[in-house]
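Here the structure comes first, spelled out in structure tokens, and everything after it is commentary.
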Amino acid sequence: MAYQKLQQTRGLEVTPSNTENIPSVNGAAQTDPCVLYTGSGGVIRVLTAGGDDITLNSVPAGVVLPIQVVRVFEEGTEATGIIALW
């Protein structure tokens, strides 16, 4: 089971992409899984740290999703104001 801390110390605005993972804030070549804050809410399609491509429907605005993700897909994502948190 993956450890998930309750407070995040780093953040980065996410640009959804069908080909690129969320860049690591520590400069590492490997993508660090993160949780997401949703600004506007709506539909978000993500690639999880475990490699699953999932679509989250009806995500409310202003919540932190407790899912470790490495990518937010442009195709299938309607929400805006998405922030990656580590």
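Across the range 26-59, which residue is modelled with the lowest pLDDT among those that are closer than 20 Å to GLN7 by Cα and outside any strand (DSSP E or B)? Per the stated criteria, the residue is ASN26. Contact map, the range 43-71: residues that are of a type outside the set (Lys, Arg) paired with residues that are loosely packed, with under 11 Cβ neighbours inside 10 Å and at pLDDT 95 or above, Cβ distance under 7 Å, separation 6+ or inter-chain. Pairs shown: VAL43/ASN57.
Among the residues of the range 10-19, not a single one is part of a strand (DSSP E or B) and hydroxyl-bearing (Ser, Thr, Tyr). Restricting the first member to the range 75-86 and to residues that are at pLDDT 95 or above, and the second to residues that are in a loop (DSSP other than H, G, I, E, B) and of a type in the set (S, T, N, Q), the beta-carbon pairs closer than 6 Å and six or more apart or on different chains are GLU75/ASN18; ALA79/SER40; THR80/SER40; GLY81/SER40. The set of residues in the range 62-77 that are part of a loop (DSSP other than H, G, I, E, B) and surrounded by 13 or more Cβ atoms within 10 Å (Cβ to Cβ) comprises PHE73, GLU74, GLY76, THR77.
Looking across the range 41-60, the residues that are loosely packed, with under 13 Cβ neighbours inside 10 Å and more than 17 Å from SER17 (Cβ to Cβ) come down to GLY50, ASP52, ASN57, SER58, PRO60. The listed residues are ILE54, ILE83, and the only one of them that is aliphatic (A, V, I, L, M) and under 15 Å from GLU13 (Cβ atoms) turns out to be ILE83.
The values are calculated or read from the model by the stated rules, or taken from the named source; none is laboratory data. This is a predicted model, so every value here is computed, not measured. For neighbour counting, all protein chains shown are included, and Cβ atoms are generated from backbone atoms with ideal geometry for every residue, glycine included.
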